[in-house]
Structures are given as C-alpha cells and as structure tokens.
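Input: a single structure, listed below in structure tokens.
Taken together, the values in this text are just the output of simple stated rules run on the coordinates, not laboratory data. Just so it is clear, the structure is predicted and the values come from calculations on it, not from any experiment. Cβ coordinates were reconstructed from backbone atoms using ideal geometry, including for glycine residues, and neighbour counts include every protein chain displayed.
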Amino acid sequence: MGTILVNDQFLDRENGSVDIEDRGYQFGDGVYEVVRVYGGNMFTAKEHLERLFESAEKIHLTLPFTYDELVARLEKLMEVNQLDTGIIYLQVTRGSSARQHHFPEQTKAVLTAYTKEVARPVADMTAGVKAIITDDVRWLRCDIKSLNLLGNLLAKQEAVSKGGFEAVLHRDGTVTEGSSSNVFIISGDTLYTHPATNLILNGITRREILKLCKEIGLSVAEQAFTLEALANADEVFMASTTAEVMPLVQLDETPVGNGKPGEWTQKLQAAFEEAVQKQCGSLAQTI
Ligand code: PSZ
C-alpha cells in the first residue's frame, strides 16, 4: 500500500506532501470518494466517480482530468499496491493559493489517492451493531461529498463515546441519515429511506439496495420517516461503501425488535453479496 497518487504521479507515500496553503487543508475546499475493492476489482466504480464529478461541479470546481484518465490512474494504483480487498480513497482540492475565502482565479486542483486493505466487517454484519440518535447539525448541502465533515465527526464521536457504531441523525424529529451512512427502516413489507434531497448524501450503496429490493420483493418508499417510526420499525439498518448492509439492533438503550438482524435485512445482505460477486467475481469472506 506504499504507493500514492498525486495528480498523475505515482509516489512512495513518504514522498507525498501537502502545501500549507492548500485549500483542502485550510478550508476543506474539495470533494472526495471512497470506492470499495473486492478481489482486486472496484465495485460500482462508475457511480462513485460520476458522483465525484457531480460533487465537484456543485462547488464550481473543474476537475483537471477526464473520467477515463481517472479510472486508468486508479486501476494502476490498485495494481502497484496489489490491493485485494479494501478501499481506494481519493480526493480533489481546489489547490493552493494565498489564503482568501473566495475562489482564486488561478489554482491547480490537486488530486490525491491511496489504497488500504480493509476487511469486510463480517462479525458486525452478522450480529448487528448499536447506534445512537442525535441532532443533525450539518449544513444544508449534504448531497455534496465535501471534505468538510465536522458535523459528521461530532456525531460519530458522540456515538463512539457511548459505545455505538453509528449515529442516526434527525432534523426536528425527521430522520435524515447516519453520520457516515444512509439509514433504512422496514415496517411490514415496506422499506423506508429519506429521499435523495439536499439533506442526505445519495449513497451508492443506498442506490444498489433500492435496486435489490425489487429483486427480493420488498416494497420501497423513498419517504422521510420520523423518530417515532424509527422506534416502532420491525427492522433498521444502515448502509455504506465499507459497512455494506449493516443491521442496527440497538438504538440508544433500546433493542430493535428482538435485538437480532431482521429477515429482510438478511435477505438484502445476501442479495448484496451476490451483486458484488457478479460484478467483482470474488468475495474475500462470506457471511
Ligand atoms: O469507511 C467508512 O467508514 C465509509 S466509506 C463511505 C462512508 C463511510 N460513508 C459514506 C456516506 C456518508 O458519509 C454519508 C454522510 N451518508 C451516506 C454515505 C453512504 O454513501 P456510500 O454508500 O456511497 O458509501
């Protein structure tokens, strides 16, 4: 994992550096993605990389590479690092300039990426995890995968300090998403999740799950739901690139249902594994 990407250069990690006036470093002025890799193949790469271009456009940042150039660089990075099962982290900042808040006329965006071996969280996916519930204090453009994550970090820290895996966020009693995931409830034969508005990140895993629901016969309602509906749900889970379909079996101090992952959630986990196998031809560990 010793090689990193800086623009179009492949460097040893210890030779990488950040300029002290890089706007990503000073302001969080940039966007990023995390792509899952299974058996050396990127999963849903197109969706992730297209979202990167969309996030960049939303902050008026023109990316200094084409989609195909980006794919080629990431493929090479995976290869030189011999990545099997893990992630590619990539980010683009607006680059370096004398510190000023408004966008400089002339900056060169900086692309960096690295790879990391990350195992599938099989034990947690099997047993389910605890989440806490807290206020969503973030800004109103959560649809942008921006480097600014303090609102998310404060919520995650609160979760971890209380022995939780994730924080479920709400605005005035309406559940939005997790601090680093999308959140879903199942009541009867219907799955509910917040619609893809400015209040959530439209997760790539979320989109995959909505497709899989059709396959397994679970109805989908992209409708915001309340904390009360969350408390009364039959099943609750979160989803992200690394956590996949992660059952939430305890919310604050209250078990969800019988405190075990629900039937529909398990069906979605199995369907998700199949989708990964179809696309990547491999799965390091199975549930
Ligand atoms: O490794 C990790 O913990 C990761 S990798 C991606 C995430 C966490 N989370 C992405 C994310 C997010 O940060 C927020 C606020 N909402 C939803 C998601 C899920 O997005 P996808 O499915 O695209 O990863």
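Mind listing whichever residues of the stretch 227-253 are in a helix (DSSP H, G or I) and among the charged types (D, E, K, R)? Lay out the reasoning, then the answer.
We begin by selecting, within the stretch 227-253, every residue in a helix (DSSP H, G or I); these are 227-232.
Scanning the stretch 227-253 gives a single hit, E228.
Tally time: how many residues in the stretch 28-70 are under 17 Å from I87 (Cα atoms), away from the ligand (no atom under 12 Å from the Cβ) and assigned to a loop (DSSP other than H, G, I, E, B)?
Selection size over the stretch 28-70: 2.
Inside the stretch 211-249, can you point out the residues that are at positive phi and over 21 Å from the mean Cα position of the chain (by Cα)? Please lay out each step first, then the result.
So in the stretch 211-249, the residues at positive phi come out as 217, 244.
Of everything in the stretch 211-249, just one residue is at positive phi and over 21 Å from the mean Cα position of the chain (by Cα), namely G217.
Select, from T112, T190, the only residue that is of a type in the set (S, T, N, Q) and touching a Gly at 6+ places or on another chain (Cβ under 9 Å).
So the residue among T112, T190 that is of a type in the set (S, T, N, Q) and touching a Gly at 6+ places or on another chain (Cβ under 9 Å) is T112.
Please specify each residue of the stretch 182-228 satisfying the condition of being under 18 Å from R51 (Cβ atoms), among the hydrophobic types (A, V, I, L, M, F, W, C) and either within 11 Å of the ligand (Cβ to nearest atom) or surrounded by fewer than 13 Cβ atoms within 10 Å (Cβ to Cβ) (or both).
Across the stretch 182-228, the qualifying residues are A196, L199, I200, L201, I204, I209.
Being hydrophobic (A, V, I, L, M, F, W, C) and surrounded by 18 or more Cβ atoms within 10 Å (Cβ to Cβ) is the filter; apply it to the stretch 64-78 and report the residue that is farthest from F27 (Cα to Cα).
Result: M78.
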